[in-house]
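Okay, so here's the structure we're looking at.
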Amino acid sequence: MARPNDSSRRDLPDIQWLERMYNNRQRVPDHDDYFARWAAESALVRRSLPCQLDVRYGDGAGETLDAFAAARPRSPIVVFIHGGYWKAMDKSQHSFVVPALRDLGAAVVVPNYALAPKVGIPDITLQMVRAVAWSWRHARTLGGDARRIVVMGHSAGGQLAAMMLACAWNRFEPALPPRLVRAALGISGLYDLQPLLHTPSLQEVLRLTPRQVQAASPARLPAPAHGRLISAVGGDESSEYLRLNRLIQQAWGRERVPVAAVLPGLNHFSILDALATPRSRLHRLAAGLLS
């Protein structure tokens, strides 16, 4: 991680380099165009598909979700978790991924979560545990199969998706099955939070502690006892995102992470468009997890 400026600072992180690596909006100058299009397409999806909006999955701030039932009973259930460095974005900007996932035969749940700095990443992780548990409990209403829950997430959502695969569900709540999540898809996932501890523009909002880094970094946790994580990153993303994509496979092993794909020509935002594009490689990887 560290990029020393001179021999006297070899043990200090290069802050400017970290900012270049993790500032995705700076790396993609037209990022606002993506956000505007996602919001417009998502609004159209919510108007055109049957859905339950702003359903509460818990009593805390931000604990609501949008649920899109499957077209057929006993379908897999996708819980899609949005990104935004745990401090930005909203579920309402991400309904655009739903049609392509429903076309694969899935019910889709898109949860919100409270944002930093009002809450920390471990708190957000527990919120997603509650959202996924809600999806398990309401599987029949969704036209879904509670045994076929797959969590997908983008960027910060990739970290959260991996954490759901690693979760000890029946320790969180004894009534839950230990293998509640069957598989996960991490898209440009942040699997090690250590660099963010030293990235000022992020740390000033996230307020990470070393203990939180250890507890909420999937690559620093033992590999899950079951399931698969597919990891993917855009070929045009920073070298740090490419490193994190390799790191989770190295940390958890190929049995748990059989694919750590680099998708040429995609940046941090266009890679999410690929999920919503039938027959793209990322869409095919998602289909494989649902089959």
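All conditions in (1) modelled with pLDDT under 95; (2) of a type in the set (A, V, I, L, M); (3) surrounded by 15 or more Cβ atoms within 10 Å (Cβ to Cβ) hold for Val45, with the sole exception of (1).
Among the residues of region 221-239, the ones that are of a type in the set (Asp, Glu) and crowded, with 21+ Cβ neighbours inside 10 Å come to 1 in all. Considering the conditions (1) touching a Leu at 6+ places or on another chain (Cβ under 9 Å); (2) surrounded by fewer than 21 Cβ atoms within 10 Å (Cβ to Cβ), Asp30 is excluded by exactly one of them, (1). Across region 121-151, the qualifying residues are those that are surrounded by fewer than 18 Cβ atoms within 10 Å (Cβ to Cβ) and touching a helix residue (DSSP H, G or I) at 6+ places or on another chain (Cβ under 7 Å), and the one among them that is farthest from Ala223 (Cα to Cα) is Ala146. Quick check: anything in region 152-168 without any contact (Cβ under 8 Å) to a residue 12 or more places away in the chain, within 27 Å of Pro258 (Cα to Cα), surrounded by fewer than 17 Cβ atoms within 10 Å (Cβ to Cβ) and out of contact with any Ser or Thr (no Cβ under 9 Å at 6 or more places or on another chain)? Yes: region 152-168 contains one or more residues that are without any contact (Cβ under 8 Å) to a residue 12 or more places away in the chain, within 27 Å of Pro258 (Cα to Cα), surrounded by fewer than 17 Cβ atoms within 10 Å (Cβ to Cβ) and out of contact with any Ser or Thr (no Cβ under 9 Å at 6 or more places or on another chain). Identify all residues within region 56-84 that are in contact with a strand residue (DSSP E or B) (Cβ under 8 Å, 6 or more places away or on another chain) and free of Cβ contacts under 8 Å to residues at least 24 places away in the same chain; write none if there are none. The answer is Arg56, and nothing else. Only one of the listed residues (Val262, Val257) is more than 28 Å from Ala168 (Cβ to Cβ), modelled with pLDDT of 95 or more and either in a helix (DSSP H, G or I) or touching a strand residue (DSSP E or B) at 6+ places or on another chain (Cβ under 9 Å) (or both). That residue is Val262. Taking (1) in a loop (DSSP other than H, G, I, E, B); (2) touching a Ser or Thr at 6+ places or on another chain (Cβ under 8 Å); (3) free of Cβ contacts under 8 Å to residues at least 60 places away in the same chain in turn, His268 satisfies each apart from (3). Looking at Val132, Val97, just one residue is within 16 Å of Pro76 (Cβ to Cβ), of a type in the set (Val, Ile, Thr), in contact with a Pro (Cβ under 9 Å, 6 or more places away or on another chain) and in a helix (DSSP H, G or I), and that residue is Val132. Could you please tell me which pairs satisfy a Cβ distance under 8 Å, a separation of 6+ or placement on different chains, a first residue in region 105-125 that is free of Cβ contacts under 8 Å to residues at least 24 places away in the same chain and closer than 16 Å to Tyr57 by Cα, and a second residue that is surrounded by fewer than 17 Cβ atoms within 10 Å (Cβ to Cβ) and of a type in the set (A, V, I, L, M)? Close Cβ pairs satisfying both conditions: Asp123/Ala114. Selection within region 205-219: residues that are without any contact (Cβ under 8 Å) to a residue 24 or more places away in the chain, out of contact with any Lys or Arg (no Cβ under 7 Å at 6 or more places or on another chain) and not β-branched (Val, Ile, Thr). The member of this set that is nearest to Met21 (Cα to Cα) is Pro210. Considering only residues in region 68-96 that are among the hydrophobic types (A, V, I, L, M, F, W, C) and surrounded by 24 or more Cβ atoms within 10 Å (Cβ to Cβ), the one that is nearest to the chain's Cα centre (by Cα) turns out to be Ile81. Ala260 falls short of the stated requirement of being under 23 Å from Val98 (Cα atoms) and either of a type in the set (Phe, Trp, Tyr) or out of contact with any Phe, Trp or Tyr (no Cβ under 9 Å at 6 or more places or on another chain) (or both). For region 148-249, the helices (runs of 4 or more DSSP H) that sit wholly inside it and include 2 or more residues that are in contact with a strand residue (DSSP E or B) (Cβ under 7 Å, 6 or more places away or on another chain) are 156-166.
The values are calculated or read from the model by the stated rules, or taken from the named source; none is laboratory data. Values in this document were obtained by computation on a predicted structure and should not be read as measured data. Counting neighbours? That spans all protein chains shown, and the Cβs are built from the backbone with ideal geometry, glycine included.
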